[in-house]
Amino acid sequence: MALPHSCCFRPGKVASRCNLFYSSGWQSNRQHNVLSCIKKSDQDLQTKVGLLLDGIKWDDKGLAVAIAQNIDTGAVLMQGFANRDALLTTISSKKATFYSRSRSALWTKGETSMNFINVCDIFLDCDRDSIIYLGKPDGPTCHTGSETCYYTSVYDALNNTQVEESKLALTTLYSLESTIHQRKDEIPTNGKPSWTKRLLLDDKLLCSKIREEADELCRTLEENEDKSRTASEAADVLYHAMVLLANRGVKIEEVLQVLRQRFSQSGIEEKKSRKS
């Protein structure tokens, strides 16, 4: 059977049939053992895996770029290289595994630090010469202790500003969250706190603003206002909701994780499962 024309391969479909977890010292015959395990349970799946591996454009050293990305935040965690064995191991173990060019050996991210990247899905690009491991990290990915390996801004360096090693490559939503947390820690100057700081210090004000902005968002629908107005009011709701999250010590990543876990569940079933 031919492999379906798709740029994604879900590791869970293999791992559910063959739950192999490899120690860092065991290197030989990985590909043979994984395929043998798959063969015993599902000949058709073994064929698909073989076709998938054959369809990847490995370079002259048998490698392809492998990028790990946080499934909830979208943050690019790290970049390494993978060969056939590394990809097979990742599919089977659901732990991001790479090929070390300096050691000429496979290595699973987290095998020393225990900060594994738990792979939920694997994607290939349109040319099939690079790989994305989409997953949830157990902790910081970078050996420096940073959340990701990308924290140096080229534009900051070119503008001769001091490069902050703690500055991560954040998307818009997470830049907003970072700014809110900075306001939370700030000490007001001249006795005039920022608007965000005022909201954080006054629960009643914050809750009243969330209700007010939510009502204004609904009115854009009821009064058939233009799309730009709806987007503006939705942004207000989102901002004030994120201030409340910061007040409660809840990260937006936790909210997105809850949403992701609800994907395979109907809204009615989800509500019934909530604790009263």
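Before moving on, here are some points about what is shown:
- Peptide packing: for 61-68, 206-213, the average count of neighbouring Cβ atoms within 10 Å per residue gives the ranking 61-68, 206-213, highest mean first.
- The orientation-averaged shadow of the Cα convex hull for the range 93-177, equal to a quarter of the hull surface, comes to 8.1 nm².
- With a Förster radius of 45 Å applied to the C-beta separation of ASP121 and ASN190, the computed FRET efficiency comes to 0.35.
- Using a simple spin-label model with pseudo-atoms 7 Å out from Cα toward Cβ, ASP59 and ALA157 lie 2.0 nm apart.
- Rounded to the nearest 0.05, the FRET efficiency derived from the C-beta distance between THR230 and GLN43 at R0 = 45 Å is 0.30.
- Length released on extending from LEU221 to SER104, taking residue separation times 0.36 nm less the Cα-Cα span: 36.2 nm
- Between LEU238 and LYS136, the C-beta separation translates, for a Förster distance of 30 Å, into a calculated FRET efficiency of about 0.85.
- Loop-resident sites, the range 72-109, for trypsin sites (Lys or Arg not before Pro), counting at most 15 other Cβ within 10 Å (DSSP): ARG101, ARG103
- Paramagnetic reach from GLN257 in the range 69-112 [backbone N under 12 Å; point 7 Å along Cα→Cβ]: 71-73
- The packing ranking, built from the mean of other Cβ atoms within 10 Å per residue, places the peptides 215-226, 242-253 in the order 242-253, 215-226, highest first.
No lab work stands behind these numbers, since they all come straight from the coordinates. Here the structure is a predicted model, which is why all the values come from computation and not from measurement. Heads up, the Cβs are rebuilt from the backbone with ideal geometry, glycines too, and the neighbour counts pull from every protein chain shown.
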